[in-house]
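The values are calculated or read from the model by the stated rules, or taken from the named source; none is laboratory data. The structure displayed is predicted, hence computed values, not measured ones. Here the Cβ positions follow ideal geometry from the backbone for every residue, glycine too, while neighbour counts run over all protein chains shown.
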Amino acid sequence: GTPHPEWQMLHELRAMNVPPQQVIELHTELESCELPGGYCARMIRETWPQVRITSVAPYGTDHASRQQGMQHLLTHQGELHQVADG
């Protein structure tokens, strides 16, 4: 599959020669993971220690909480589509 969005952002910002200290805010739809296979939250802390992080839906450490986070995200996206459709 494709890398997690946080890793994609890291590679894109590096390709554009954006210094890490200039990254001041990061927004993701789903909270950055702390799990093997990504460790996105750790990468963010180490790469951009000053960054302010926001997200729409939580992403827990167990299966049930991750499912709840995904449901929250899907509900949020549905609400956005309703607003966009008028």
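Taking the criterion of being hydroxyl-bearing (S, T, Y), part of a strand (DSSP E or B) and surrounded by fewer than 17 Cβ atoms within 10 Å (Cβ to Cβ), the residues of the range 5-62 that qualify are T54, S55.
What pairs can you find where one residue is in the range 54-66 and free of Cβ contacts under 8 Å to residues at least 12 places away in the same chain and on the phi < 0 side of the Ramachandran plot, the other is assigned to a helix (DSSP H, G or I) and of a type in the set (S, T, N, Q), and their Cβ atoms are less than 8 Å apart, with a gap of 6+ or different chains? From the range 54-66, the pairs are G60/Q68.
Return yes or no: is R52 modelled with pLDDT of 90 or more and closer than 15 Å to P5 by Cα? Working first, answer last.
Details: modelled with pLDDT of 90 or more: yes; closer than 15 Å to P5 by Cα: no.
Criteria not met by R52.
Kindly indicate the residue of the range 63-77 that is among the small types (G, A, S) and surrounded by 10 or more Cβ atoms within 10 Å (Cβ to Cβ) and also farthest from L35 (Cα to Cα) among those meeting that condition. Let's see the steps before the verdict.
Just the residues of the range 63-77 that are among the small types (G, A, S), to begin with: 64-65, 69.
Then keep just the ones that are surrounded by 10 or more Cβ atoms within 10 Å (Cβ to Cβ); that gives 65, 69.
Values: S65: 13, G69: 15 Å.
The residue in question is G69.
Every test in (1) at pLDDT below 90; (2) of a type outside the set (K, R); (3) assigned to a helix (DSSP H, G or I) is passed by A84 save one, and that test is (1).
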